[in-house]
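Chemist: One structure, pasted below without further comment.
The values are calculated or read from the model by the stated rules, or taken from the named source; none is laboratory data. Because the structure is a prediction, the values reported are computed rather than measured. No Cβ is skipped: glycine too gets one built from the backbone with ideal geometry, and neighbour counts run over all protein chains shown. Accessible surface areas use protein heavy atoms only, side chains included; no ligands, DNA or RNA. Shrake-Rupley method; radii C 1.70, N 1.55, O 1.52, S 1.80 Å.
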Amino acid sequence: MSGFDPTWLNAQYKNRARCPDHGLILERWASVSATVRERMPRRLNVHYGHGLNESLDIFPTSQAQAPVMVFIHGGWWRSLDKHQHSFIAPSFVQAGAMVIVPNYALCPVATLDAIVLQLVKALVWIYRNAEIYGADARRIVVVGHGCGGHLATMLLACVWPEVAALLPSQLVRAALSISGVFDLEPLRHTPDLQADLHLTPSLVKDLSPTTFPAPEGPLFAVVGELESEEHLRQNTLLRALWGPRVVPVCETIPGAHHFTVLHELVDPSSHLHRLTLELLGLPRAR
């Protein structure tokens with residue numbers, strides 16, 4: 001990493017500027033997601049709390065005692081919405097997973113630590129209600145993209161019995177971080193992000209998974225081959241700190257940039273889709 005040069009960091013973390021086709025991709029995500037919500041069985045805008053944006057969308061599957069795939073959207077904690085990510089659901093529902101896409105409040109209206117606590121609340125709700133929708137609360141896997149990868153990792157590392165006494169220590173059985181960030185200190189020096197995130201040294205320490213002891217795992221960490229040097233570097237950090245037992249997969253996805261990597265996630269013929277099915281304990285599509 002080239003120190004904390006603000007201009008360099010802006011270029012590294014400004015994913016939309018690095019991907020000229022991002023506007024068309026986001027429009028396509030929204031269009032396909034609207035079709036998914038029209039055609040698939042779903043429960044939309046179910047409240048997991050009473051705070052700002054504390055709702056989630058549920059896409060059940062016909063398989064009994066199905067695993068739960070929770071998908072957390074990206075957008076640097078300050079943009080995008082669950083409704084733009086319903087397109088994640090169909091291939092995994094067809095494979096036998098229930099898919100849940102939660103919303104959360106966005107910076108700068110919300111602080112980053114408050115967002116983490118919202119997702120903790122969402123996961124507790126999912127654990128306590130999964131069986132109502134036909135899923136197995138013991139098989140929760142969290143998948144996150146971009147800042148969602150950070151949030152998924154935070155949930156994997158959460159000490160759940162400290163949240164509530166009767167919660168299991170491994171409420172989250174596994175996590176997949178796609179283009180995630182694990183060390184927040186560079187973001188504190190990235191002017192384009194810091195303007196909305198308002199990170200402090202204390203928040204960086206408390207919210208960087210690189211400062212945490214290794215959880216039970218497993219965590220799969222993947223990043224698009226065409227992403228920035230910083231995203232590629234961030235993807236390797238937890239493998240180096242927590243070791244290959246906890247982070248058995250640390251890979252780049254060939255030919256993918258920060259947005260197209262999600263197309264790999266939902267493609268049943270792709271390596272990334274198969275990795276996700278492995279985490280969910282589901283057989284690969286034939």
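Chemist: For the chain, what does -39500 (n - 2.57) per DSSP helix run (n ≥ 4), summed and divided by total residues, give at 222 nm, in deg cm²/dmol to the nearest 500?
Modeler: Helix contribution divided over all residues of the chain: -12000 deg cm²/dmol.
Chemist: Name the residues whose placed amide hydrogens come within less than 5 Å of the amide hydrogen of Ala174, ignoring near sequence neighbours (fewer than 5 apart) on the same chain.
Modeler: Residues meeting the amide H criterion: Val142.
Chemist: Does anyone have the angle between helix 271-280 and the longest principal axis of the chain? Alpha-carbon axes, 0 to 90°, nearest 10?
Modeler: Tilt relative to the chain: about 60 degrees.
Chemist: Within the set of other residues whose C-beta is less than 14 Å from the C-beta of His258, count the net charge using Lys and Arg as +1 and Asp and Glu as -1.
Modeler: Summing Lys and Arg as +1 and Asp and Glu as -1 gives -3.
Chemist: Give the peptides 16-25, 149-158, 254-263 in descending order of average Cβ contacts within 10 Å, highest first.
Modeler: 149-158, 254-263, 16-25
Chemist: Of the accessible area of region 145-237, with the probe set at 1.4 angstrom, what percent is carbon plus sulfur?
Modeler: Exposed carbon and sulfur together represent 56 percent of the surface.
Chemist: How large is the translational diffusion coefficient of region 95-136 in µm² per second when you combine the Kirkwood radius over alpha carbon pairs with Stokes-Einstein at 4 °C and 1.567 mPa s?
Modeler: It comes out at roughly 111 µm²/s.
Chemist: Among Leu26, Leu193, Leu219, whose mean-square fluctuation peaks in a Gaussian network model of the chain (Cα, cutoff 10 Å)?
Modeler: Top of the fluctuation ranking is Leu26.
Chemist: If you roll a 1.4 Å probe over the heavy atoms of the protein chains, what accessible area per residue do you get for the chain, in Å²?
Modeler: Result: 41 Å² of accessible area for each residue.
Chemist: Taking the Cα centre of the chain as the origin, how large is its charge dipole in debye, to the nearest 20, when only Lys and Arg (+1) and Asp and Glu (-1) carry charge on their Cβ atoms?
Modeler: It works out to roughly 700 debye.
Chemist: Now, a different point. Just the number, please: percent antiparallel of the DSSP beta bridges in the chain, rounded to the nearest 5.
Modeler: 25
Chemist: Right, something else. So, counting K/R as plus one and D/E as minus one, what does the shell of residues with Cβ under 14 Å around Trp160 add up to?
Modeler: +2
Chemist: List the relative contact order of the chain as a percent without decimals, with contacts defined as Cα pairs under 8 Å and 6+ residues apart.
Modeler: Computed value for the chain: 18 percent relative contact order.
Chemist: Ok, one more. Can you list residues whose amide H is under 5 Å from Val99's amide H, if they're 5+ apart or on another chain and H is modeled 1.01 Å from N?
Modeler: Sorted by chain and number, the residues that satisfy this are Phe59, Met69.
Chemist: Here is a further query. Of Ile253, Ile58, Ile132, which is the most mobile in a GNM of the chain whose springs link Cα atoms less than 10 angstrom apart?
Modeler: In this elastic network of the chain, the residue with the biggest mean-square fluctuation among Ile253, Ile58, Ile132 is Ile132.
Chemist: Also, I was wondering about something else. Compute, for Glu251, the solvent-accessible surface of its heavy atoms (probe 1.4 Å) with the complete set of protein chains present, and express it in square angstrom to the nearest 10.
Modeler: Its accessible surface works out to 60 Å², give or take rounding.
Chemist: Report, to the nearest whole %, how much of the accessible area of region 1-118 belongs to carbon and sulfur atoms, 1.4 Å probe, protein only.
Modeler: C and S atoms contribute 54 percent here.
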